[in-house]
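Participant: The structure's right below; bear with me while I get my questions together.
Where a number appears in this text, it was derived from the coordinates with a stated rule and is not lab data. Quick caveat: nothing in here was measured; it's all calculated off a predicted structure. Counting neighbours? That spans all protein chains shown, and the Cβs are built from the backbone with ideal geometry, glycine included.
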Amino acid sequence: MASPPPQSFSGVQAEADAELFDVFDVKEMPQGTQPRSVCHRDGLWHRAVYALLLNKKNELLIQKRSAQKKVSPGKWDLSAAEHLQPGETYLHAAARGLQEELGVSLSLSQGSAPATTNSEGSSESSHPSVQGEVHNSCAQQSAATSSIPA
């Protein structure tokens, strides 16, 4: 029995374009939700988070973006970056991005700095740094950027 063909890039992109984002004005006041495609097409302000993963030597883990990406295909990028899902915190989005993109689990236990675990469950000697911002696809600079203590 033949396995079904893999989902095409256009199918994956259509799914991503339908993803909902919280939308904000330039003062970071909530304005509702809109699909990713509308946010990017119309330059609506929405939240993103960037996770930087450093090892014991303070070396930054970077990754090369897929050649199939719509934005900056084949370019070098941060350890992980994510758009926030509606109602999601920057830290939870960073943890989701590290897991989805790198297979690294970020422990979010209260009262301690985040710790990372690889996909095999062993503890890594790495230190995540998380930064969130509200941005739009048309702006060169963010309306608001805040470092999130790790």
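Participant: Given 0.36 nm per residue, what is the gain on full extension from residue 41 to residue 107 after removing their alpha carbon distance, in nm? Kindly include the intermediate steps, with their values, before the conclusion.
Facilitator: Numbers: separation 66, 0.36 × 66 = 23.76 nm, distance 3.48 nm.
Length difference between fully extended and current span is 20.3 nm.
Participant: Which three numbers, in whole Å and largest first, are the semi-axes of the equivalent ellipsoid of segment 44-102 derived from its Cα gyration tensor as √(5λ)?
Facilitator: Values: eigenvalues 78, 59, 16 Å².
For segment 44-102, the ellipsoid semi-axes come out as 20, 17, 9 Å.
Participant: At residue 65 and residue 25, where each label point lies 7 Å from the Cα along Cα→Cβ, what is the point-to-point distance in nanometres?
Facilitator: Reported label-point gap for residue 65 and residue 25 is 3.1 nm.
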